[in-house]
């Protein structure tokens with residue numbers, strides 16, 4: 001089943017800048033049966049874990065996270081770029097290759113002791129997911145796992161998520 005999903009992810013060379021090969025998931029999203037299969041595979045092993053919330057990271061993590069939350073019977077929480085959320089927020093800054101960035105979530109998005117499943121479409125260096133995990137932990141919630149559609153394993157992003165079980169459907 002993973003092979004049929006992988007066939008629907010196309011490479012876009014030199015996007016968004018020279019030397020980057022962008023993994024375009026839009027053909028997968030347009031194929032309803034394979035998108036449904038993707039969500040089913042991502043949900044494996046999490047349906048009976050008592051997960052309270054699925055956290056999706058802007059922006060493609062919203063696509064997978066919301067569908068996955070419905071699939072496992074959990075609520076969905078978005079983590080966004082600065083200035084996008086309408087209520088009181090907490091934030092975490094993280095390093096990029098050149099400079100810094102920040103992510104935010106509502107101060108009441110999760111509660112102490114809740115079980116959280118982190119979701120994004122792609123694990124590269126782990127910087128964004130690491131910052132998001134810090135936000136969740138700062139509110140006292142427990143991160144059960146982080147699940148990704150794609151992992152660029154040569155960038156060793158798992159190392160930045162020490163202590164968090166990581167599962168990826170497709171590795172490059």
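Coordinate-derived values only; no laboratory data. Since the model is a prediction, treat every value here as computed from it, not as a measurement. Using ideal geometry, Cβ is built from the backbone for each residue, glycine included, and neighbour counts are taken over all protein chains shown.
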* To do: Measure of size requested: the Rg and Dmax of the stretch 85-130, with Cα atoms as the atom set and Å as the unit; please supply both.
  => 12.5, 35
* Asked: How big is the chain in terms of Cα radius of gyration and Dmax, in angstroms?
  -> 15.5, 44
* **DSSP bridge orientation in the stretch 47-171 - percent antiparallel, rounded to nearest 5** => 30
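Cβ neighbours within 10 Å, averaged per peptide: list 121-130, 70-79, 45-54, 159-168 in order, most packed at the top.
Details: 121-130: 21.4, 70-79: 18.8, 45-54: 16.8, 159-168: 14.2.
Output ranking for 121-130, 70-79, 45-54, 159-168: 121-130, 70-79, 45-54, 159-168.
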* Asked: Simple spin-label model, 7 Å along Cα-to-Cβ: residue 100 to residue 1 in nm?
  -> 4.3
* Shape box of the stretch 2-60 [Cα atoms, principal axes, largest first, Å] -> 43, 24, 16
* To do: Quote the relative contact order of the chain in percent (integer), defining contacts as alpha-carbon pairs under 8 Å separated by 6+ residues.
  => 17
